[in-house]
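Each value in this text was obtained by applying a stated rule to the coordinates, not by laboratory testing. What you see is a predicted model, and the numbers here were worked out from it, not measured in a lab. Neighbour counts are summed over all protein chains in view; Cβ atoms, including those assigned to glycine, are modelled from backbone coordinates with ideal geometry.
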Protein chains: 2
Amino acid sequence: MLPVFGHLNPDTDAIASALVYARLLTRQGTPARAYRLGDLNFETPFVLREAGIEVPEVLPQLEAGSPVALVDHNESAQSVSNLADLTVTHVVDHHKLGDLTTVAPAYLRFEAVGCTGTLLWKLHREANVSVEPVDARLMLSAILSDTLHFRSPTTTQEDRDAVAFLAPVAGIGDVETYALAMFAAKSDLGDTPAEQLLKMDYKVFPFGDPAQRWGLGVIETTNPAYVFGRQGELLAAMQAAKSQDGLDGVLLSVVDILNETNRTLVPGDVEAAVVQAAFGVDTRDSVADLGERISRKKQIVPTLEKHFAPQH
Amino acid sequence: MLPVFGHLNPDTDAIASALVYARLLTRQGTPARAYRLGDLNFETPFVLREAGIEVPEVLPQLEAGSPVALVDHNESAQSVSNLADLTVTHVVDHHKLGDLTTVAPAYLRFEAVGCTGTLLWKLHREANVSVEPVDARLMLSAILSDTLHFRSPTTTQEDRDAVAFLAPVAGIGDVETYALAMFAAKSDLGDTPAEQLLKMDYKVFPFGDPAQRWGLGVIETTNPAYVFGRQGELLAAMQAAKSQDGLDGVLLSVVDILNETNRTLVPGDVEAAVVQAAFGVDTRDSVADLGERISRKKQIVPTLEKHFAPQH
């Protein structure tokens, strides 16, 4: 059974795409099984419950050389710790290509769409494989989640086409209502410890050469006031993560889903100076107003990458 | 106009796929133009003449940041020298993934098929774009060339399906006769200087860590006696290439297309020791009989990679 898994700190796309791709590979003659790399966020259990699907198990330790399929990520820093020892045979992803290499020719499918779910929908169509209702619901949920129901600048026409196709197959009549229920579930953070809030949607990126390592968290919520009510705890958790993980900087973007704005927590002077230089935005009371830059992938990471790039 | 190009020392797939993908991208709304990275071999002019297509121009110097599309390669050692400064937006390839990275999400399409031409045929079908006769002829020629008309172990069912589909579109009634004419053109080496023969289908690969750099040439011919008649010149050219390019080793595989065998020229003791250790084959009179290992990609490179890999 080929293990299929998404990135660390899995979001709905990482989980849903692993489930859907494992089923598609299996139907196409490659027996596969979905796993996860870590705890679920608050949105994904809602999605799996609505779909009637069990939570995938945590990936067990794999022997060196084992074949694996990656979805929704490709960089080693966002994957299983011994990725370099494994044999990557399949990747379906919508992120920039990082340090991935393969030992032999592999199946790689990358496109600049808003969600891995959209690519999986295309794979079904290209292979003339029917879309099962449960897979339709998982792909649709992933797309609504990754694009914030088309609010994110990462959204493409293909993401919209996919949702228009998938909603009736999934039996979802009112997509807007379903999306709001997903976002409400995601925003119901309760008494989650600050460290867990920080790490829920969190990725470590290398920037520049020699590489600095930055931890970039995002909390997408319909209730930003709740998050800023816990600002002190979150800043302390960011400082702790920075020193524990030996990072050069940590940022936590609090994205207001409904108003499409991003106010980012900035724990120290190093981060404040980089935010000022890269985005031209000052930090006040440990918060930088990044305005409409709500996409880490399309707006935050590329700007930081440019800032840290060696000059030609 | 997005430049589209294949690898250094272009073969028929590198040229034909650049031409076909540039036309496909243009038809799909991204104006693109095919270029080449170096001189043609002896097969490709036959293919282009039969197709009534001009030889693409050599890629001009591109400004840093320019977008480019790669076909039939992805490693920097096999591409334009300033690849790291360019913005790769599209890759269609059937090789292992090397040191490629992208600054932003890109279109990447890799599959373990015998030829990039086969992937381009699939792209036409998936997009519901009609295949023009000239494109059909170019893709078919590339597939016959890369798979040695299905003799290579890299051949897949999809390569066979593609040729079966493309031959009637291209107006080629007898594929076997056409393939033999291609291979005869490729084997008509005349008084080509030995250095040029060595470099005609030649790639530099990094092996191990810290990386050794090896130059691996292949001459696929229906007339191996002609090549071995020039053995002394070729060995001298290999020694010269090794010292001029600062390589750790150079090998030149002479592949008998019709008998599907590989006798490889081994210029020195370093190479002989590696060939013995990696393939278990002795070298006599500077020639190692590698038997049916006729695919550099599938049989030569993986074995050397394994030989040079650090032990886990």
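A few points about this structure:
- Compactness of region B:75-117 as Cα Rg over 2.2 N^0.38 Å, two decimals: 1.17
- Peptide B:109-122, shielding by other chains (average Cβ, 10 Å cutoff): 2
- Closest-to-axis residue of chain B (Cβ criterion, axis taking B to A), whole Å: B:Glu126, 2
- Dipole check for the protein assembly as shown: with +1 at the C-beta of Lys and Arg, -1 at the C-beta of Asp and Glu, and the Cα centre as origin, the magnitude is about 420 Debye.
- In chain A, helices alone account for a calculated mean residue ellipticity at 222 nm of -11500 deg cm²/dmol, with every DSSP H run of four or more residues adding -39,500 (n - 2.57).
- Rh by Kirkwood over Cα pairs, then Stokes-Einstein D for region A:2-185 at 0.890 mPa s and 25 °C, µm²/s: 151
- Considering only beta bridges that DSSP places wholly inside chain B, some 40 percent are antiparallel.
- Signed unit charges on C-beta, dipole axis of chain A, positive-most listed residue A:Leu251, A:Met139, A:Gln239: A:Met139
- In this rough spin-label picture, where each label sits 7 Å from Cα along the Cβ direction, the B:Glu57-B:Thr87 distance is 2.2 nm.
- C-alpha long axis of helix A:157-170 to longest principal axis of chain A, angle in °: 50
- Note on A:Arg125 and A:Thr177: their simple-model spin labels are 2.7 nm apart, each label 7 Å out from Cα toward Cβ.
- Within the same chain, lysines fewer than 8 places from A:Lys306 are excluded, and of the rest, those with a Cα less than 26 Å from its Cα are A:Lys96, A:Lys199, A:Lys203, A:Lys242, A:Lys297, A:Lys298.
- Counting all C-alpha pairs of region B:93-140, share separated by more than 13 Å (%): 63
- Among B:Asn41, B:Gly65, B:Ala84 - extreme Cα towards positive end, dipole of region B:1-100, charges at beta-carbon: B:Gly65
- For region B:194-308, the alpha-carbon radius of gyration amounts to 0.96 times the rule-of-thumb value 2.2 N^0.38 Å expected for a compact globular protein.
- Placing +1 on each Lys and Arg Cβ and -1 on each Asp and Glu Cβ, with no other charges, gives chain B a dipole about its Cα centre of roughly 440 debye.
- Around the amide H of A:Val287, modelled in the peptide plane, lie the amide H atoms of A:Val266, all under 5 Å away and 5 or more residues distant in sequence or on another chain.
- Cα gyration tensor shape of region B:125-234, rounded if a/c is under 1.5, else prolate or oblate by comparing a/b with b/c: oblate
- For A:Val287, the label point sits 7 Å beyond Cα toward Cβ; its separations from the matching points on the remaining copies run 7.9 nm, from shortest to longest.
- Each other copy holds its own label point for A:Gln212; taking that point as 7 Å from Cα along Cα to Cβ, the gaps run 4.0 nm, nearest first.
- Nearest-ten-degree value, helix A:116-126 long axis tilted from longest Cα axis of chain A: 20
- Residue among A:His95, A:His73, A:His124 with the largest mean-square fluctuation in a Gaussian network model of chain A, springs linking Cα atoms under 10 Å: A:His124
- Gyration tensor (alpha-carbon) shape descriptor, region B:263-302, a/c threshold 1.5: prolate
- Helix B:133-146 and the longest principal axis of the C-alpha atoms of chain B enclose an angle of approximately 20°.
- Each Lys and Arg Cβ is given +1 and each Asp and Glu Cβ -1; about its Cα centre, region B:2-185 then shows a dipole of about 320 debye.
- Between copies, A:Gln276 shows label-point distances of 6.6 nm, shortest first, with the point placed 7 angstrom from Cα along Cα to C-beta.
- Cα-based Rg / Dmax (Å) for region B:36-132: 14.7, 39
- Convex hull volume of the protein assembly as shown per residue (C-alpha atoms, cubic angstrom): 155
- Percent of alpha-carbon pairs separated by more than 30 Å within chain A: 31
- Gaussian network model of chain B, Cα within-10 Å springs - most flexible of B:Gly117, B:Gly171, B:Gly215: B:Gly171
- Residues B:Ala225 and A:Ala309, FRET efficiency given R0 of 60 Å [Cβ-Cβ distance, rounded to 0.05]: 0.65
- Positive dipole terminus of the protein assembly as shown, leading residue within A:Leu198, B:Ile53, A:Ile219 (C-beta point charges): B:Ile53
- Stretch gain in nm, segment B:Asp39-B:Ala64, where the contour uses 0.36 nm per residue and the Cα spacing is subtracted: 6.6 nm
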